[in-house]
1. Can you tell me how many residues within region 35-60 are touching a Lys or Arg at 6+ places or on another chain (Cβ under 9 Å) and either loosely packed, with under 11 Cβ neighbours inside 10 Å or among the small types (Gly, Ala, Ser) (or both)?
2. Of the residues that sit in region 2-30 and are at pLDDT 85 or above and assigned to a loop (DSSP other than H, G, I, E, B), which one is farthest from the chain's Cα centre (by Cα)?
3. Does region 55-72 contain any residue that is part of a loop (DSSP other than H, G, I, E, B), touching a Ser or Thr at 6+ places or on another chain (Cβ under 9 Å) and either under 30 Å from ARG15 (Cβ atoms) or at pLDDT below 75 (or both)?
Amino acid sequence: MAKVEILTGAERQRRWSTELKLSILQEAFGADGSVSDVARRHDVLPQQIYAWRKKFSPPKLESPETASFVPVSLIGPSENPSDGSKRSRVRSRCKDVEIVLRNGRLLRIAA
């Protein structure tokens, strides 16, 4: 016959120090750690370890409350292509959008 243990009275709430929580987290999420193994070893639920990870993780960046805009300058197409090549003529007829970023890179969006 199996042994049955009946608990009576108030269930106690365990207190974990911050140092112990961090060491458990390091052990669970280390190179060869397993959350379920570490939880079993320390008699903690795996959900508790994930809650500690969320609590101690750095805050995420949130989007700004209001929309922000960047200044834009519109430059119309040049009337005279730099040379008479076919490429210059085709480019002047297209309605491509080119955006020059501050770092000098060019973002071209085809029509």
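1. 2
2. Looking at the filtered set, the residue picked out is LYS3.
3. Of region 55-72, the ones part of a loop (DSSP other than H, G, I, E, B) are 57-72.
Now restrict to residues that are touching a Ser or Thr at 6+ places or on another chain (Cβ under 9 Å): none.
Scanning region 55-72 turns up no residue that is part of a loop (DSSP other than H, G, I, E, B), touching a Ser or Thr at 6+ places or on another chain (Cβ under 9 Å) and either under 30 Å from ARG15 (Cβ atoms) or at pLDDT below 75 (or both).
The values are calculated or read from the model by the stated rules, or taken from the named source; none is laboratory data. A quick note: this is a predicted structure, and the numbers were derived from the prediction, not measured. With ideal geometry, Cβ positions are generated from the backbone for all residues, glycine too; neighbour counts draw on all protein chains shown.
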